[in-house]
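The values are calculated or read from the model by the stated rules, or taken from the named source; none is laboratory data. This one's a predicted model, so the numbers in the text were calculated from it and none came from an experiment. So basically every Cβ, Gly included, is an ideal-geometry build from the backbone, and we count neighbours across all protein chains shown.
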Amino acid sequence: MPKEFSTLGFKPQHWQPFDVAMIFVGTMANRFSDSTSEIDNLALFNALKDKYGDKQGMGVFNQIN
């Protein structure tokens, strides 16, 4: 166990079935979530640059994102 845990008095507890289930749920949620925000942001950024020009488009993007 890391020294910080011992120094601060943290002691591990036995995992419960709920803990195992939540690890599985969290893993599946992360794996199959719609993680396209970077692509969506790029599309928005490019649309704003096309409409307002590079400098002003960047300014609008920074204000709303």
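For every residue, the table says whether it meets (1) assigned to a helix (DSSP H, G or I); (2) modelled with pLDDT of 95 or more; (3) surrounded by 10 or more Cβ atoms within 10 Å (Cβ to Cβ); (4) within 19 Å of the chain's Cα centre (by Cα).
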| position | (1), (2), (3), (4) |
| --- | --- |
| Lys11 | no, no, no, no |
| Ile23 | yes, no, yes, yes |
| Leu48 | yes, yes, yes, no |
| Gly57 | yes, yes, yes, no |
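Considering (1) acidic (Asp, Glu); (2) within 30 Å of Ile64 (Cα to Cα); (3) part of a helix (DSSP H, G or I), say which one Asp34 fails and leave the rest.
If we test Asp34 against (1) acidic (Asp, Glu); (2) within 30 Å of Ile64 (Cα to Cα); (3) part of a helix (DSSP H, G or I), just (3) comes out false.
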